[in-house]
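The values are calculated or read from the model by the stated rules, or taken from the named source; none is laboratory data. The structure displayed is predicted, hence computed values, not measured ones. Note that we place each Cβ from the backbone using ideal geometry, even for glycine, and neighbour counts take in every protein chain shown.
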Amino acid sequence: MLLRILARSLARRRSRKLLAVLTIWVGMTLVVALITLSLDVRDKINRELSAFGANIRVEPSAGAVPVRVGGYELAPRIGQIYLNEGQMEKLETLFWRNNILGVFLRLWVQVRVDGRDVPLLGIGAPHGSAAAGSVSFTPDSLKGYGHWHVKGAWPQADDECLVGVDAARELGLTPGEWVRLTLAGRTRSLRVRGIVVTGEREDGALIASLSTVQDFAGLPQKISEADVSTLTTPENKLAEKYRLDPTSLTPAEYERWSCTPYPGSVAAAIQEAIGGSAARVVRRVSETQGAVLIRMEGLMTILGGLTAVVCCLSVIGVLTSAVLERRSEVALLQAIGAHRRDVLLLFSCESAALGLLGGALAAVSGPVLGQGLVNAVFGGEAGSLGVLAILSPLLGLIVAWVACLWPVSQVLHQSTAQVLHGN
Amino acid sequence: MGQAAIRLENVSRVYPGGIRALDGVSLHIEQGEWVAVMGPSGSGKTTLLNLLDGLDKPTAGRVLVLGTDLGRLDPDEAATFRREKIGLIFQGFHFVPYLTALENVMLAQYYHSIVDKKQACAILERLGMADRTHHLPSQLSGGEQQRVCIARALVNEPQVVLADEPTGNLDERNEAEVMNIFRDLHLEGKTILMVTHNHDIGRRSGSQVLLNHGRIVRQRFTA
């Protein structure tokens, strides 16, 4: 009998029912689109922020002397101990390998220029990357340095270099000039293509391609350090607890920490994979990423929540008039013996049908709109989320239920006698 | 004095604003009686009916129907009592507009216990509505609607039938038909309390109660 009543009731006053479905559909489409965007925003923002430098640095363990101040591990001095380029292949076996956006190899040596000691940095991409076999600067080897400001041009060939802004001032170098380097009796000339401002120690150095520096220094396949850009999760209390005192974590907490891509847990996994290495989090980068991500995710959550609330209010408006115009029907049901829960069940089922339909439609249109937003904001593809096919109708159902509660409670508290007698 | 189907003990109903709809009314109706409650507009007839079907509660006094003090029941308990013991007939008929005549009758069965289509058809047939069972209320005449309303009130075989101006919206012919149905119900032993302002209709019942300004001013037994 209930199904019969439901079917007849839903088929009646179709324009009002369609309006309710339309409201839920539009609202849920926005919510689902924002969910699609917010679930993708972490990955996309991480990739955008990777241009501002890697968030994990891998160094030879013997050269890395951990110095902690206030829980933060400071950078060790440059040592004369090297890692092998080949060791970086271990990153491919890592549990977090899909979170690695880029690996940037670096080799520091000390050279003499005009009788002064000047650091020379070689930068390059590892073998196996798009730059494999190349000896020149490539987009792959440079994309981790998007935050560097270059006055002039980036080097294009092995005999070209950048000069840090401090080194250029000390040595009196300008773009287009040649600089002559001396190291252990060997000499090599490089043409200055640009002056670079990094805000870091590279400001006092010359910067050339990794292969050039390896050849010149007689250190084939050797690197001083590798910068690893990774997709990570912003640190929370658990990550902070580990950072301050790794031994303070319970086994369950440690399990949770190691299974979450916090910067620290990814660094620990890298360190474990690459023998003889010490991987540390570059706080400046990871904390900036974390702060931006938290704000972005918070913003998306607020927007999604507000959209759901606005949708709910709109549906309340539609359902209120739909329910209130059936006051005499409810009064009749109660007069012939329906309990309040019977009336509630009837309206809940009707609302559920409308909510499920609106939500099901939004399960199709929401991801399409979400894809459009991702494309417009980040210019890329959004990940497909099958769970939205279930989540969207479920959200529609919840919104419809919440929306029908107020008007139904109003009619349940009406005076049945007065309504039946037309007062 | 036989067993009371309806008993009112010094019942008053005062609405917000101090309007005294019923003022110390006491009444005793035995099982199987057919009573007409009459009086002018505003005399308290409808208020009395609302107290008897448990849709309203007295401000003072006790309303006992088949031994149950309706003033003590919560809305759901009152609904249970109505569907099990009372058949309600409205002046304005009141139907679920999107259900057919048959389905409206079956709706009362649904909230009472189980739906029995055969029984619902039988009662409509008895009231001369066999060929109108699948019509929507809006497709029925006033007399037909009232007969469906009576069928819905009787389908669960209530012990007490409460009718509010059952012929108020009917023409003479339909009025007579409805009164014949009430006479048959009375002969079957149902307790009937019928509110009407029509003295001719009232005189056809077994006894009449005249209300004025919320008080019983006269009680008369005709048969």
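Summed over the stretch B:36-45, the residues that are surrounded by fewer than 23 Cβ atoms within 10 Å (Cβ to Cβ) and of a type in the set (A, V, I, L, M, F, W, C) give a count of 0. Assuming A:S9 fulfils every condition listed in (1) within 14 Å of chain B (Cβ to nearest Cβ); (2) within 34 Å of the chain's Cα centre (by Cα); (3) polar (S, T, N, Q) apart from one, which condition is it? Every listed condition holds for A:S9 apart from (2).
Exactly one residue among A:P66, A:P60 is farther than 30 Å from A:G317 by Cα, at pLDDT 85 or above and outside the structural domain of A:V364 (by TED's automatic domain parsing), and that residue is A:P60. So, A:T320, is that one in the same structural domain as A:N84 (by TED's automatic domain parsing), out of contact with any Asp or Glu (no Cβ under 8 Å at 6 or more places or on another chain), surrounded by fewer than 19 Cβ atoms within 10 Å (Cβ to Cβ) and of a type outside the set (D, E, K, R) or not? Here the answer is no, as A:T320 does not meet what is asked. The single condition from (1) loosely packed, with under 14 Cβ neighbours inside 10 Å; (2) away from chain B (no Cβ under 14 Å) that A:E325 fails is (2). Beta carbons closer than 8 Å, at least 6 apart along the sequence or on distinct chains, pair a first residue in the stretch B:25-38 that is without any contact (Cβ under 8 Å) to a residue 40 or more places away in the chain with a second that is charged (D, E, K, R) and part of a strand (DSSP E or B) for B:H28/B:R7.
Within the stretch B:52-60, does at least one residue satisfy the condition of being touching a Ser or Thr at 6+ places or on another chain (Cβ under 8 Å), touching a residue at least 24 places away in the same chain (Cβ under 8 Å), more than 9 Å from chain A (Cβ to nearest Cβ) and buried (at least 19 other Cβ atoms within 10 Å of the Cβ)? Yes - at least one qualifying residue is present in the stretch B:52-60. Please find, within the stretch B:99-116, the residue that is farthest from the other protein chains (Cβ to nearest Cβ) out of those that are more than 15 Å from B:C149 (Cα to Cα) and not small (G, A, S). Checked the stretch B:99-116; the qualifying residue farthest from the other protein chains (Cβ to nearest Cβ) is B:D116.
The residue that is surrounded by the fewest Cβ atoms within 10 Å (Cβ to Cβ), among those in the stretch B:178-195 that are within 16 Å of B:F90 (Cβ to Cβ) and modelled with pLDDT under 90, is B:I181. Kindly establish whether A:Q371 is within 26 Å of the chain's Cα centre (by Cα) and either closer than 30 Å to B:F93 by Cβ or assigned to a helix (DSSP H, G or I) (or both). Against the criterion (within 26 Å of the chain's Cα centre (by Cα) and either closer than 30 Å to B:F93 by Cβ or assigned to a helix (DSSP H, G or I) (or both)), A:Q371 qualifies.
Among the residues here, A:V310 qualifies as farther than 29 Å from B:R82 by Cβ and either among the aliphatic types (A, V, I, L, M) or more than 29 Å from the chain's Cα centre (by Cα) (or both). Among the numbered conditions (1) small (G, A, S); (2) surrounded by fewer than 20 Cβ atoms within 10 Å (Cβ to Cβ); (3) at pLDDT 90 or above; (4) closer than 27 Å to B:R147 by Cα, the only one that B:G67 does not meet is (4). Going by the structure shown, is B:Y98 among the hydroxyl-bearing types (S, T, Y) and not in a helix (DSSP H, G or I)? So B:Y98 passes the test. For the stretch B:71-97, filtered to residues that are more than 7 Å from chain A (Cβ to nearest Cβ) and within 11 Å of the chain's Cα centre (by Cα), the residue that is farthest from B:H112 (Cα to Cα) is B:Q91.
Consider the stretch B:117-162 and keep the residues that are within 11 Å of chain A (Cβ to nearest Cβ) and not in a helix (DSSP H, G or I). The one that is surrounded by the fewest Cβ atoms within 10 Å (Cβ to Cβ) is B:L136. Of the helices (runs of 4 or more DSSP H) entirely within the stretch A:208-317, those holding at least 3 residues that are of a type in the set (A, V, I, L, M, F, W, C) occupy A:210-217, A:237-244, A:263-273.
Restricting to the stretch A:4-60, name every residue that is touching a Lys or Arg at 6+ places or on another chain (Cβ under 9 Å), under 30 Å from A:V281 (Cα atoms) and small (G, A, S). Within the stretch A:4-60, A:S50, A:A51, A:G53 qualify. One residue stands out in the stretch A:334-349 among those that are within 11 Å of chain B (Cβ to nearest Cβ) and touching a residue at least 12 places away in the same chain (Cβ under 8 Å): the one that is farthest from B:F90 (Cα to Cα), namely A:L346.
Taking the criterion of being touching a strand residue (DSSP E or B) at 6+ places or on another chain (Cβ under 9 Å) and under 19 Å from A:G337 (Cα atoms), would at least one residue in the stretch B:96-110 satisfy it? There is at least one residue in the stretch B:96-110 that is touching a strand residue (DSSP E or B) at 6+ places or on another chain (Cβ under 9 Å) and under 19 Å from A:G337 (Cα atoms).
Taking the stretch A:147-194 and the strands (runs of 3 or more DSSP E) fully enclosed by it, no element has 1 or more residues that are more than 37 Å from the chain's Cα centre (by Cα) and modelled with pLDDT of 95 or more. Of the residues making up the stretch A:330-363, those that are buried (at least 24 other Cβ atoms within 10 Å of the Cβ) and hydroxyl-bearing (S, T, Y) number 1. When the stretch A:203-219 is filtered for residues that are among the charged types (D, E, K, R) and either farther than 22 Å from A:W148 by Cβ or at pLDDT below 90 (or both), only A:D215 remains. Of the residues A:G359, A:G386, A:G366, A:G396, only one is away from chain B (no Cβ under 14 Å), in a loop (DSSP other than H, G, I, E, B) and not hydrophobic (A, V, I, L, M, F, W, C); which? After ruling out the rest, the residue left standing is A:G386. Annotation note: of A:L249, A:L206, A:L181, the sole residue that is closer than 24 Å to A:A54 by Cα and either surrounded by 22 or more Cβ atoms within 10 Å (Cβ to Cβ) or not assigned by TED's automatic domain parsing to the domain that holds A:S38 (or both) is A:L206. In summary, B:E33 fulfils each of the numbered conditions (1) within 10 Å of chain A (Cβ to nearest Cβ); (2) acidic (D, E); (3) within 15 Å of the chain's Cα centre (by Cα) with the single exception of condition (1).
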